[in-house]
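> Handing you this structure, nothing more for now.
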Ligand code: ITT
């Protein structure tokens, strides 16, 4: 078995991310395995820097090719908050807290960003970004997905939040799907 045919490990503790990424990659016949590998998460305003530090940290003690993904919700009128701190902000004030903070906001424009990092041992890490533009809804809608999905309405959708969409529908539009499709095309042409 060549190194590129080895099982790719997706290092994440977030099962929703894993389902979305593995569902997308299966369209390209790429299989991955989830492992909740504990890793260093540096503080930075840049998802790229966080993903790069994280993949180097994981790759250092794993013999298989690995993926990590760092993502966040960036709200324009809040200067990009919560951005790289999305996980913490979700756990503390949640979607309802964001709706409260947004009460007086002039603009509800926002974007979700994802950076997928891949490391095949012995090679340089590679980054694959994806962005989806949209807006923050005025109330919670839908119970599907995870995190801030019930308050995010993608611009290219039909007015529903990600929380109202099936995973397949979200995967047609999401930041994560754009990053994953970039990775999949690179992976298939480089194996
Ligand atoms: P891992 O680091 O273990 O992969 P995590 O959930 O902590 O899992 P992040 O540090 O990348 O991952 O946090 C991203 C947060 O941003 C996530 O917890 C959600 O609150 C939010 N988020 C990212 N993508 C999202 C999406 O597709 N839908 C809803 N919320 C999302």
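> Mind listing just one residue for me: the one in segment 68-102 that is without any contact (Cβ under 8 Å) to a residue 60 or more places away in the chain, in contact with a strand residue (DSSP E or B) (Cβ under 7 Å, 6 or more places away or on another chain) and under 24 Å from residue 58 (Cα atoms) and, of those, surrounded by the fewest Cβ atoms within 10 Å (Cβ to Cβ)?
Only one residue tops the list, namely 83.
> Find the residue count for segment 1-30, including only residues that are touching a helix residue (DSSP H, G or I) at 6+ places or on another chain (Cβ under 7 Å) and either assigned to a strand (DSSP E or B) or farther than 20 Å from residue 129 by Cβ (or both).
3
> Across segment 71-105, what is the total count of residues that are touching a helix residue (DSSP H, G or I) at 6+ places or on another chain (Cβ under 6 Å) and more than 13 Å from the ligand (Cβ to nearest atom)?
1
> A further question on this structure: State yes or no: is residue 110 in contact (Cβ under 8 Å) with a residue 40 or more places away in the chain, part of a helix (DSSP H, G or I) and either more than 15 Å from the chain's Cα centre (by Cα) or surrounded by 22 or more Cβ atoms within 10 Å (Cβ to Cβ) (or both)?
On the way: in contact (Cβ under 8 Å) with a residue 40 or more places away in the chain: yes; part of a helix (DSSP H, G or I): no; either more than 15 Å from the chain's Cα centre (by Cα) or surrounded by 22 or more Cβ atoms within 10 Å (Cβ to Cβ) (or both): yes.
The answer is no for residue 110.
> Right, something else. Could you grab the pairs with beta carbons closer than 7 Å, sequence gap of 6+ or different chains, first residue in segment 15-28 and more than 9 Å from residue 180 (Cβ to Cβ), second one part of a loop (DSSP other than H, G, I, E, B)?
Listed by first residue and then by second, the contacts come to 16/145; 16/146; 18/12.
> Follow-up question, since we're still on this one. When you scan segment 145-191, how many residues do you find that are in a loop (DSSP other than H, G, I, E, B), over 16 Å from the mean Cα position of the chain (by Cα), touching a residue at least 24 places away in the same chain (Cβ under 8 Å) and surrounded by fewer than 18 Cβ atoms within 10 Å (Cβ to Cβ)? Outline the logic, then answer.
Keep residues of segment 145-191 that are in a loop (DSSP other than H, G, I, E, B), which gives 145-148, 155-161, 165-166, 174, 191.
Those still in the list that are over 16 Å from the mean Cα position of the chain (by Cα) too: 155-161, 165-166, 191.
Now restrict to residues that are touching a residue at least 24 places away in the same chain (Cβ under 8 Å): 156, 161, 191.
Now drop any that are not surrounded by fewer than 18 Cβ atoms within 10 Å (Cβ to Cβ), which leaves 156, 191.
Within segment 145-191, residues that are in a loop (DSSP other than H, G, I, E, B), over 16 Å from the mean Cα position of the chain (by Cα), touching a residue at least 24 places away in the same chain (Cβ under 8 Å) and surrounded by fewer than 18 Cβ atoms within 10 Å (Cβ to Cβ) number 2.
Each value in this text was obtained by applying a stated rule to the coordinates, not by laboratory testing. Here the structure is a predicted model, which is why all the values come from computation and not from measurement. For neighbour counting, all protein chains shown are included, and Cβ atoms are generated from backbone atoms with ideal geometry for every residue, glycine included.
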